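The values are calculated or read from the model by the stated rules, or taken from the named source; none is laboratory data. Here the structure is a predicted model, which is why all the values come from computation and not from measurement. FYI the Cβ positions are ideal-geometry reconstructions off the backbone, even for glycines, and counts take in every protein chain you see.
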Amino acid sequence: MSETVQDKVDFLVIANRLPVDRKVDDDGNVSWQSSPGGLVTALEPVMQRKGGAWIGWHGAPDEVVDPFHHDGYDIHPVPLSAQEVEEYYEGFSNATLWPLYHDCVVEPVFHREWWDAYQKVNKRFAEQAAEQAAEGATVWVQDYQLTLVPMYLRQMRPDLRIGFFLHIPFPPIELYSRLPWREELVEGLLGADLVGFQTPGAAANFLRLAKRRPGVTTSRGKAHTRDGRDVIVRDFPISIDSRGFHELATSEKVQAEADKLREDLGNPETIIFGVDRLDYTKGLRQRIRAVGELFKEGKLDPDEVVFLQLATPSRERVEEYKILRDDINLLVGQINSKVGTIARRALVYRNKSVPRDVLAAMYQVADLMLVTPVRDGMNLVAKEYIACRSNDDSALVLSEFAGAARELKQAYMVNPYDIDGMKATIMQALTDSPKVKARKMRSMRRQVFDKTIDVWADDFLTELEGR
Ligand code: ADP
Ligand code: G6P
């Protein structure tokens with residue numbers, strides 16, 4: 001494959017994030033780091049396999065970066081000014097749409113200037129794609145930050161095949177209707193040939209909205225537009241590179257890392273683990289409270305059990321994320337001041353991101369995995385745990401409000417709002433017989449190894465290219 005950036009490509013992914021994030025420190029030193037979140041985890045292996053180009057923001061405001069070749073595909077960085085980061089990314093994307101789409105678990109904020117910036121930036125992404133795409137190319141637009149791109153792109157380049165995939169939930173009409181720009185966003189998505197969601201419920205919610213647009217009719221899994229096109233609307237539950245995760249987790253290097261980690265944690269009998277972006281949708285408050293109470297009530301013994309929780313810093317300038325960070329720090333401090341000893345903490349909390357191999361080692365040592373979002377499009381952490389953990393004497397506690405609950409039916413299911421229920425389920429997951437746990441793990445492993453990220457991408461692209 002060529003190492004130089006191609007002029008035009010037949011396959012393009014457009015996402016707000018690039019797989020690598022450009023960091024500039026106070027002294028002006030530049031470094032590139034892996035970007036956070038499930039979208040990048042899922043799409044990176046797809047791009048490594050398919051080649052083409054990835055258009056996205058490189059994470060540093062007010063900087064123009066030249067295109068470059070990376071891991072078998074081209075990267076085209078889209079610049080954003082500091083004001084656009086504030087209004088389009090932190091504002092409209094992450095303080096308006098993100099909470100609105102996650103069942104308004106915090107109050108969405110509506111500002112007209114943010115909407116203006118959102119339109120302007122979406123147009124810029126579409127223009128960049130229109131420039132890079134060869135005649136008849138396939139363009140795959142990703143996620144809520146870029147809802148208007150399909151419509152803009154169709155206006156600019158009607159020859160393209162345009163797909164859109166939403167990585168997060170799509171809310172019921174009653175919540176969505178609060179959005180002052182609800183019509184525009186639906187029109188934006190109807191610019192695509194194929195619109196994919198994580199669950200059938202999300203696809204149905206969108207079809208109900210599309211049907212309300214003048215001149216648009218819908219039939220099972222399709223919207224017929226005013227300009228005579230059929231837009232396919234369907235669920236495509238996303239996944240991970242299961243074999244890649246498994247190979248990494250069972251490699252000698254990671255096994256050695258796992259041994260060291262267990263020792264660093266004081267060789268406890270049981271390790272409970274959670275790993276998330278520090279986001280209010282992940283149910284961290286409820287989870288930490290539940291485990292904390294189990295320690296305080298003596299149901300978990302800090303001499304035997306450690307709860308390790310990682311939380312990657314995320315969207316740190318958005319108000320609700322600042323509040324969450326402070327709340328969690330306080331909660332963790334309160335628990336550790338009451339249970340455990342100075343030498344041995346019951347709850348080991350790290351507000352940082354770790355490299356993939358360290359994460360794999362953590363999955364390997366985790367006897368019990370807690371994935372308890374109050375709402376989540378899919379949740380890849382749940383699938384990563386199943387792919388990495390080779391010991392059958394393991395358990396996944398999973399929120400019924402994660403998209404993954406539809407597939408990982410054998411998990412220990414919880415309602416994260418029900419703290420007592422969650423505590424009881426955690427205890428059951430810890431005390432069930434090895435036979436029961438093994439049956440559950442094997443069934444979930446089959447699911448995760450059958451429905452990999454390659455299956456997801458091939459399903460979506462086959463449907464799109466068949467149009
Ligand atoms: P979201 O996309 O909302 O962040 P997902 O669970 O779908 O949630 O994806 C999160 C991704 O980020 C996973 O691939 C997970 O491994 C990774 N991740 C989360 N927290 C960390 C961390 N502290 N260090 C490294 N990777 C992390
Ligand atoms: C979720 C979203 C992605 C986003 C990621 C990280 O996975 O679906 O679109 O990239 O979170 O969030 P960030 O705001 O850092 O890009």
Quick one: count up the residues across segment 1-21 that are within 13 Å of ligand 2 (Cβ to nearest atom) and outside any loop (DSSP other than H, G, I, E, B).
7
Tell me which residues, restricted to segment 340-379, are in a helix (DSSP H, G or I), under 18 Å from the mean Cα position of the chain (by Cα) and either β-branched (Val, Ile, Thr) or surrounded by fewer than 24 Cβ atoms within 10 Å (Cβ to Cβ) (or both).
Arg356, Leu359
List pairs: first residue in segment 349-376 and under 21 Å from Val106 (Cβ atoms) and touching a residue at least 40 places away in the same chain (Cβ under 8 Å), second residue more than 9 Å from ligand 1 (Cβ to nearest atom) and part of a helix (DSSP H, G or I) anywhere in the structure, Cβ distance under 6 angstrom, at least six positions apart or on different chains.
Thr372/Arg287
Here is a check on your reading of the model: is Val186 within 24 Å of the chain's Cα centre (by Cα), more than 15 Å from ligand 2 (Cβ to nearest atom), in a helix (DSSP H, G or I) and among the hydrophobic types (A, V, I, L, M, F, W, C)?
yes
Restricting attention to segment 273-294, report how many residues are within 22 Å of Val318 (Cα to Cα) and not in a helix (DSSP H, G or I).
6
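Just for segment 352-406: of the residues that are small (Gly, Ala, Ser) and near ligand 1 (Cβ under 8 Å from one of its atoms), which one is modelled with the lowest pLDDT? Let's see the steps before the verdict.
To start, the set of residues in segment 352-406 that are small (Gly, Ala, Ser) comprises 353, 360-361, 366, 377, 382, 387, 390, 394-395, 399, 402-405.
Still in the list and also near ligand 1 (Cβ under 8 Å from one of its atoms): 353, 377, 382.
Values: Ser353: 94, Gly377: 98, Ala382: 98.
Going through the qualifying residues, I end up with Ser353.
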Residues of segment 404-418 being under 12 Å from Thr372 (Cα atoms) and either surrounded by 15 or more Cβ atoms within 10 Å (Cβ to Cβ) or small (Gly, Ala, Ser) (or both), which ones?
Ala404, Ala405, Ala411, Tyr412, Met413, Val414, Asn415, Pro416
Exactly one of (1) crowded, with 23+ Cβ neighbours inside 10 Å; (2) in contact with an Asp or Glu (Cβ under 7 Å, 6 or more places away or on another chain); (3) part of a loop (DSSP other than H, G, I, E, B); (4) not basic (Lys, Arg) is unmet by Ile162. Its number?
(3)
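Hey, could you check segment 23-48 for residues that are farther than 20 Å from Lys352 by Cα and either outside any helix (DSSP H, G or I) or in contact with a Gly (Cβ under 8 Å, 6 or more places away or on another chain) (or both) and say which is nearest to ligand 1 (Cβ to nearest atom)? Steps first, answer last, please.
Going through segment 23-48, the residues farther than 20 Å from Lys352 by Cα turn out to be 27-29, 42-48.
In the following step, the residues that additionally are either outside any helix (DSSP H, G or I) or in contact with a Gly (Cβ under 8 Å, 6 or more places away or on another chain) (or both) were identified as 27-29, 45, 47-48.
On the way: Asp27: 25, Gly28: 26, Asn29: 22, Pro45: 11, Met47: 15, Gln48: 15 Å.
Result: Pro45.
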